[in-house]
1. Take the residues of the range 363-412 that are within 22 Å of residue 345 (Cβ to Cβ) and over 53 Å from the mean Cα position of the chain (by Cα): which is modelled with the highest pLDDT?
2. Does the range 239-256 hold any residues that are within 26 Å of residue 146 (Cβ to Cβ) and open to solvent by 10 Å² or more (accessible area, probe 1.4 Å), and which are they?
3. Tell me yes or no: at least one residue of the range 231-238 is under 14 Å from the mean Cα position of the chain (by Cα), farther than 30 Å from residue 338 by Cβ and open to solvent by less than 40 Å² (accessible area, probe 1.4 Å).
4. Based on this model, can you work out whether residue 334 counts as at pLDDT below 80, under 33 Å from the mean Cα position of the chain (by Cα) and surrounded by 14 or more Cβ atoms within 10 Å (Cβ to Cβ)?
5. Just checking, how many residues over the range 63-116 are farther than 22 Å from residue 48 by Cβ, in a strand (DSSP E or B) and open to solvent by less than 80 Å² (accessible area, probe 1.4 Å)?
6. In this structure, does residue 308 turn out to be surrounded by 13 or more Cβ atoms within 10 Å (Cβ to Cβ), at pLDDT 65 or above and more than 35 Å from the chain's Cα centre (by Cα)?
7. Hey, could you check the range 37-62 for residues that are over 30 Å from residue 87 (Cβ atoms) and part of a loop (DSSP other than H, G, I, E, B) and say which is most open to solvent (accessible area, probe 1.4 Å)?
8. Give the residue, chosen from 246, 220, that is touching a residue at least 12 places away in the same chain (Cβ under 8 Å), within 17 Å of residue 182 (Cβ to Cβ) and part of a strand (DSSP E or B).
Amino acid sequence: MVRQSIGYLVALVVMAVTPAFALEDGDLSLTVTAEVPGGATPYPREMVLLRIRGTYRAQIALEDLRQPSLPHFGWTQLGRDHWSRVTIQGQEARGFERTVAVFPQGPGRFVIDPFVHRLTIVDGGERRVVEVRSSPLPLEVAAWQGPGGPDAPEPWWLAAQDVTVTDQWEPEPETLKLGEPARRTVTLDVRGVTADALPPRPVLRTRGVLTFAGPVERQTRITPAGPVARVTYRWDVRPGVPEPITLSAIAIPWFDTRARVMREAEIPARIVGGRAAKVTEEAPPPPASPWRALAAGLAAFGLGLGAWGVSRHREAPAASALRALARAARRRDARGFHAALTEAARRDPALAAAWRTDPGIVLRLDALDAALFGKGDAPVPDLAGLARDLRKIRVPAAIPDALAPLDGKRTAQA
């Protein structure tokens, strides 16, 4: 009888000092798994999702999940913790889940220390604190073997799920005249990285175009699938020459973490100032010039001589531009052809106005504009034939009004 009493007391003491009071093995569990698309070995700075999942068959009053320090990783938590009711082997339990995105900073084999979930449970009317630990998680990070990579100074290493480039201008660059400004705004939206991982502002520089860089804006939006980062670059752009200038495209290489291949996003090439010449071509009245007075003087000595002089002086200014136009046509250089055309119109507006009186010429000039400044699907017209026909057109000889004032038309007097 005494031995039975002593055994009963020992059992009570053991139960009293047991941390998981009245709990069985498997009632409290915490696991951590690493997820990479396709189960691949991640590269440095590539997002790895840590899924922390707990299953608890107990009444929980308070909880606190303690995360290890993660010294070799950048990290961000994706949203709030999620609690749910689950059934395990026919018994109701509480389910817990947290997702943390980690970004290894270099290659190697690492071990993620245990997460510790500190729970205050209620059992038999009493509260007890227990700690549930996950197992250490080994994680292998591969070294990049291709060109460039995380350790190369250039190009910038960007490992992402998706990259989208948006290019906006206000106003459109083709409409700019010499010295007029436009604001260019380029936005990169990148899935699977935080904003600090996005590249610095690219260099936007082309001879003949003035650029002034504005501030860079970065932001990160957290989603259940991972962070989505955005960076916005701005420039003020001005054409510095009257000819159209092409701002070259800028390539942004990035590693597709889903397909496991390198890709390129692109800030597209744009033509700056390409339609300033078109405005000039459509303004046929030439400005007042000194040779108008000379033509009036010549008319006093002979109308025929004056008309001949007018014709000769009108053709001479565009001669060099027309020769450049012919050379560009022989090279099949559409942009050089358009630049020479612009220069000829600038030097001799009356000649440009004469071109616009020929419907066939107008159609082919419009086709050239569409090929250069349209959506890219319009064919380039026959440049050699167009150059030949342009050179055939002459400015009609006009008999000047000897009494016309130098500053334009006379107004009627009351």
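1. Among them, the one singled out is 397.
2. Of everything in the range 239-256, those that are within 26 Å of residue 146 (Cβ to Cβ) and open to solvent by 10 Å² or more (accessible area, probe 1.4 Å) turn out to be 248, 249, 250, 251, 252, 253, 254, 256.
3. Yes, because at least one residue in the range 231-238 is under 14 Å from the mean Cα position of the chain (by Cα), farther than 30 Å from residue 338 by Cβ and open to solvent by less than 40 Å² (accessible area, probe 1.4 Å).
4. no
5. Number satisfying all stated conditions: 9.
6. Criteria not met by residue 308.
7. Step by step, filter the range 37-62, then rank; the result is 45.
8. The match here is 246.
The values are calculated or read from the model by the stated rules, or taken from the named source; none is laboratory data. Here the structure is a predicted model, which is why all the values come from computation and not from measurement. Ideal geometry is used to build each Cβ from the backbone, glycine not excepted, and the neighbour counts take in all protein chains shown. Quick note on the areas: whole protein, heavy atoms, side chains included, nothing else; ligands and nucleic acids left out. Shrake-Rupley method; radii C 1.70, N 1.55, O 1.52, S 1.80 Å.
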